[in-house]
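Here the structure is laid out as structure tokens; the discussion comes afterwards.
The values are calculated or read from the model by the stated rules, or taken from the named source; none is laboratory data. All figures in this text were calculated on a predicted structure; none of them were measured in a lab. Cβ placement follows ideal geometry from the backbone for every residue including glycine, while neighbour counts extend to all protein chains displayed. For accessibility, only protein heavy atoms count, side chains too; no ligands or nucleic acids. Shrake-Rupley method; radii C 1.70, N 1.55, O 1.52, S 1.80 Å.
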Amino acid sequence: MPRGAARVGVLALAVVLLTAGCTDKGHSDKASDLKDKASACVKALRIVDLVPDPKKAEDYEKKGKELRELAKNVHDRDVAKAMREVAHQYGMARAEAARDFGRVAVWVKGTVTNIKALKKVCA
């Protein structure tokens, strides 16, 4: 076998080996789910405030809407649920800010708990 033909054969074998796993549907779905989860988590964690402030009620309404939209496109159920729970807390910000201080403290605690849950499922 000529030397050039051997190189072509080795190259062809390398291409076959490197692309062999690409057609495995289960494997490729898992990889894309991981990517979707990772990118969704990065986006969600950029949206949330790690220290909730009920004075930012208008901002939280917008952030809650962004989180709900993001949760619709996440394949990982736990991540989507955690995003929706933070969005729900954010949606309650305006009502809680209008109430007494005790209710605001409960809202802040609930929001912090939901943000921690989001961080945990994203880890």
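Quick notes on this structure:
- Within the range 97-112, residues that are closer than 15 Å to K55 by Cβ reach partners that are acidic (D, E) with beta carbons closer than 6 Å, at six or more positions or on different chains, in the pairs R103/E96; V104/E96; W107/E96.
- There is no residue in the range 90-107 that is in a helix (DSSP H, G or I), on the phi < 0 side of the Ramachandran plot, at pLDDT 90 or above and open to solvent by 80 Å² or more (accessible area, probe 1.4 Å).
- Assessment of the range 62-83 against the conditions (touching a residue at least 12 places away in the same chain (Cβ under 8 Å), open to solvent by 40 Å² or more (accessible area, probe 1.4 Å), aliphatic (A, V, I, L, M) and not in a helix (DSSP H, G or I)) yields no matching residue.
- One residue stands out in the range 108-123 among those that are of a type outside the set (A, V, I, L, M, F, W, C) and surrounded by 15 or more Cβ atoms within 10 Å (Cβ to Cβ): the one that is nearest to R46 (Cα to Cα), namely K119.
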